[in-house]
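A quick write-up on the structure given underneath.
The values are calculated or read from the model by the stated rules, or taken from the named source; none is laboratory data. Since the structure is predicted, the reported quantities are computational estimates derived from the model, not experimental observations. Every residue, glycine among them, receives a Cβ derived from its backbone with ideal geometry; neighbour counts consider all protein chains shown.
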Amino acid sequence: MRHDQQRPLDHSHPQWRDWRWQMRHRIHSVDTLAQWIQLTDAERQAIEATQGIFRWNITPYYASLMDPEDPNCPIRRQVVPRLEELAPDLIDSLDPLEEVAHSPVKNLIHNYRDRVAFCVTSECAIYCRYCLRKRMVGDAAFMMRKAELEAAISYIAAHPEIRDVLLTGGDPLTLSEAHLAWILERLRAIPHVEIIRIGTRMPVKLPYRITPELCALLERFHPLWINTHFNHPKELTPDAAEAVDRLLRAGIPVGNQTVLLRGINDDIDTMKALCEGLVRIRVRPYYLYQAQLIGGTAHFRTPIETGMALMRALQGNTTGFAIPKYVLDTPYGKVPLDGTYVKGRSGDYVIVETPRGVLWAEPNPIPPGETLSFRLPEIPWPEGVATLPLATS
Ligand SMILES: *Cc1c(COP(=O)(O)O)cnc(C)c1O
Ligand code: SF4
């Protein structure tokens with residue numbers, strides 16, 4: 001038996017810092033995971049019961065951040081399947097933002113006039129249980145063949161209004177250097193593409209992916225920006241800080257998008273520690289996302305008032321640029337969740353006016369027994385408001 005099948009791998013393994021080795025040794029069996037943490041019966045059942053619904057995979061690096069004893073560990077809850085994923089949800093949509101409808105060609109989402117989100121791969125190093133792109137990550141049908149990448153790049157080339165291209169997925173940095181270089185060269189050959197952005201969770205789940213070679217490649221394509229995705233202060237490790245430092249030294253500004261997750265980062269101490277920890281490693285908090293209505297993620301969602309209360313508590317109590325913008329994404333674009341756009345609550349819905357002037361009702365019931373420190377005014381259901389169809393009605 002190989003050494004690494006007998007006991008958990010650890011930082012002393014000679015290849016620990018080799019990202020390809022980490023990818024090859026990702027944990028995706030109960031037996032291997034049980035070497036890292038004391039799995040509860042519920043977790044074992046959940047792994048079994050969610051097979052075939054949504055893949056799971058954990059890098060040894062990310063597994064090393066998990067608390068072996070605490071099933072509510074914020075790292076563990078992000079990546080280990082839970083039975084709650086099978087509970088009936090408000091809606092059963094896997095595409096609440098209607099991204100498919102906004103895709104003129106496969107995997108290219110054109111929902112804002114001047115910028116596109118380009119899902120260059122459906123692969124990820126780990127599969128976050130609340131993932132917005134659950135419908136595609138890990139699914140071979142969403143893999144991009146070369147001709148499909150060509151079609152997306154041709155679309156961008158044919159639309160001079162597109163000045164900002166966001167590479168996303170999946171995680172674009174799961175691609176090889178050669179593959180990335182090919183995409184970036186093709187995009188840079190388009191004169192109207194002013195900035196290129198990459199959305200990647202690699203600094204969080206596999207910081208060793210940020211190699212000097214990768215940074216040397218990326219820096220050829222400036223102006224290039226990166227947004228990463230830290231959710232909890234436990235993720236701010238020295239290895240993550242080093243990965244970020246390598247990106248910054250290559251002249252790449254690094255921002256952060258957090259998802260507001262119930263029981264993980266929805267209290268002021270955790271959120272403040274996260275934001276302040278980010279600026280200590282020179283990462284600028286960018287967005288705090290309200291968790292989307294992706295089927296099977298109800299247990300992660302908070303009332304919108306919880307996020308608004310967090311924003312009120314941060315304002316004036318920490319460095320101004322440590323405060324992200326709290327946003328709700330809708331099929332009509334992102335809406336900042338502040339008083340300018342949030343009209344009030346109508347029962348189980350929060351009513352917002354999108355910057356495009358569309359009234360949107362976000363299904364957002366307050367869980368029974370929840371105490372809120374901040375309340376939205378109750379308003380009548382407005383006429384002509386758009387919303388998502390609920391699963392049960
Ligand atoms: C979020 C998003 C973008 C980028 O929006 P910014 O507010 O500029 O960061 C682009 N396209 C889509 C489809 C998005 O969801
Ligand atoms: S890293 Fe991003 S794309 Fe990948 S599973 Fe997590 S949330 Fe989804």
Every pair of residues 6+ apart whose Cβ atoms lie under 9 Å, when the first sits in segment 333-346 and is within 16 Å of ligand 1 (Cβ to nearest atom) while the second is β-branched (Val, Ile, Thr) and assigned to a loop (DSSP other than H, G, I, E, B): Gly333/Thr354; Gly333/Val358; Lys334/Thr354; Val335/Thr354; Tyr341/Thr354
Subset of segment 332-358 [under 15 Å from Glu378 (Cα atoms) and part of a strand (DSSP E or B)]: Val342, Lys343, Gly344, Arg345, Ser346, Tyr349, Val350, Ile351, Val352
Subset of segment 145-174 (residues that are surrounded by fewer than 16 Cβ atoms within 10 Å (Cβ to Cβ), in a helix (DSSP H, G or I) and within 16 Å of ligand 1 (Cβ to nearest atom)): none
Residue in segment 118-125 that is within 14 Å of ligand 2 (Cβ to nearest atom), touching an Asp or Glu at 6+ places or on another chain (Cβ under 8 Å) and outside the structural domain of Leu261 (by TED's automatic domain parsing) present: no
Any helices (runs of 4 or more DSSP H) falling wholly within segment 175-293 and containing at least 1 residues that are free of Cβ contacts under 8 Å to residues at least 12 places away in the same chain: 177-188, 238-249, 268-280
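So for segment 128-144 (the condition being surrounded by 16 or more Cβ atoms within 10 Å (Cβ to Cβ), outside any helix (DSSP H, G or I), more than 9 Å from ligand 2 (Cβ to nearest atom) and not aliphatic (A, V, I, L, M)), does at least one residue qualify?
Looking through segment 128-144, at least one residue is surrounded by 16 or more Cβ atoms within 10 Å (Cβ to Cβ), outside any helix (DSSP H, G or I), more than 9 Å from ligand 2 (Cβ to nearest atom) and not aliphatic (A, V, I, L, M).
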Among residues of segment 183-229, those that are within 16 Å of ligand 2 (Cβ to nearest atom), of a type in the set (A, V, I, L, M) and in contact with a strand residue (DSSP E or B) (Cβ under 8 Å, 6 or more places away or on another chain), counted: 4
Segment 91-117 - residue that is more than 16 Å from Asp329 (Cα to Cα) and outside any loop (DSSP other than H, G, I, E, B) and, of those, farthest from ligand 1 (Cβ to nearest atom): Val105
